[in-house]
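The values are calculated or read from the model by the stated rules, or taken from the named source; none is laboratory data. The structure displayed is predicted, hence computed values, not measured ones. Glycine gets a Cβ as well: all are built from the backbone with ideal geometry, and neighbour counts include every protein chain shown.
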Amino acid sequence: MMRQYFKGFVPETFGFFRGIRDNNNHEWFEAHRDEYKKYVQTPMKELSAELTDGMLSIDEQFITGGRTVSRIRRDTRFSNDKTLYKSVSWLVFKRPNADWCDAPAYFVEIGAERYVWGMGFYSAKSATMRRFREMIDTDTKRFADAVSFYGSDSGQPFSLQGDEYKRRPSGSGNDLFAEWYGRKNLFMVAERDNDESIYGNGFAGMLLEGFFSLAPLYRFLLEASREPVA
């Protein structure tokens with residue numbers, strides 16, 4: 001029988017997020033460190049463990065384990081925002097890559113009021129998006145299959161997001177995929193208010209169902225992000 005790691009979040013999880021958002025200082029965090037470990041860090045690691053087998057079936061090269069979960073302390077060295085702590089927690093499934101911003105990844109973010117999950121680029125290079133458009137033009141059927149889950153009447157939760165060009169790039173001739181062509185960056189995201197599902201052990205299954213639907217598109221984006229072999 002498969003071991004179940006994740007049991008769901010609890011109200012104290014979101015109480016901690018509200019607390020650190022309103023009291024973002026070292027003294028408050030140290031006074032509530034045990035709450036962070038019990039109600040945020042531990043269930044996030046359990047959620048990551050629960051998702052791992054399914055995510056490895058999408059890409060066996062994904063990083064797994066504790067490295068998937070964000071740290072609470074922010075890196076303020078190169079930021080104008082000197083806020084010490086994150087008021088959300090997230091986990092990311094991505095390949096080990098020095099240039100991780102330009103490779104697609106899956107993510108889940110939990111906050112005080114809402115949770116967000118999806119897949120895409122953090123910050124794709126222009127060359128990556130150019131290859132993406134070229135792949136759509138040369139392998140149109142494969143792309144159509146990869147995004148067949150997407151549509152206003154499909155019932156799926158994700159929306160297409162990412163900065164757009166003011167003018168559609170030249171050389172992209174298929175009007176059917178116009179909303180994909182015009183992106184400087186691209187990611188699929190779903191966002192919901194914290195609801196009953198987040199408290200139960202079925203939360204991981206719901207996430208996986210969405211992640212599996214994105215898998216063909218993930219593989220398409222992964223190929224676009226690779227430098228072509230000379």
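Considering segment 27-73 alone, what residues qualify as being among the hydroxyl-bearing types (Ser, Thr, Tyr) and more than 19 Å from LYS94 (Cα to Cα)? Can you show your working first?
Step one: filter segment 27-73 for residues among the hydroxyl-bearing types (Ser, Thr, Tyr), giving 36, 39, 42, 48, 52, 57, 64, 68, 70.
Within segment 27-73, TYR36, TYR39, THR42 qualify.
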Item checked: SER197 under 22 Å from MET55 (Cα atoms), free of Cβ contacts under 8 Å to residues at least 24 places away in the same chain and in contact with a Phe, Trp or Tyr (Cβ under 8 Å, 6 or more places away or on another chain) -> yes
Check: Looking at GLY205, GLY182, GLY151, which is the one that is surrounded by 13 or more Cβ atoms within 10 Å (Cβ to Cβ) and at pLDDT below 90?
Finding: GLY182
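Suppose the filter is in contact with a Pro (Cβ under 9 Å, 6 or more places away or on another chain) and assigned to a helix (DSSP H, G or I); does LEU176 pass it?
Numbers: in contact with a Pro (Cβ under 9 Å, 6 or more places away or on another chain): no; assigned to a helix (DSSP H, G or I): yes.
Here the answer is no, as LEU176 does not meet what is asked.
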Next item on the list: Output the residues belonging to segment 86-98 that are touching a strand residue (DSSP E or B) at 6+ places or on another chain (Cβ under 6 Å) and of a type outside the set (A, V, I, L, M).
Entry: SER89, TRP90, PHE93, LYS94
Note to self: So, in segment 125-145, exactly how many residues are closer than 21 Å to ASN97 by Cβ and either assigned to a helix (DSSP H, G or I) or modelled with pLDDT of 95 or more (or both)?
What the structure shows: 8
Margin query: Checking PRO104 against (1) exposed (fewer than 14 other Cβ atoms within 10 Å of the Cβ); (2) at pLDDT 95 or above: exactly one of these is not met. Which one?
Written below: (1)
Margin query: Tell me yes or no: at least one residue of segment 164-177 is surrounded by fewer than 16 Cβ atoms within 10 Å (Cβ to Cβ), more than 16 Å from PRO104 (Cα to Cα) and among the hydroxyl-bearing types (Ser, Thr, Tyr).
Written below: yes
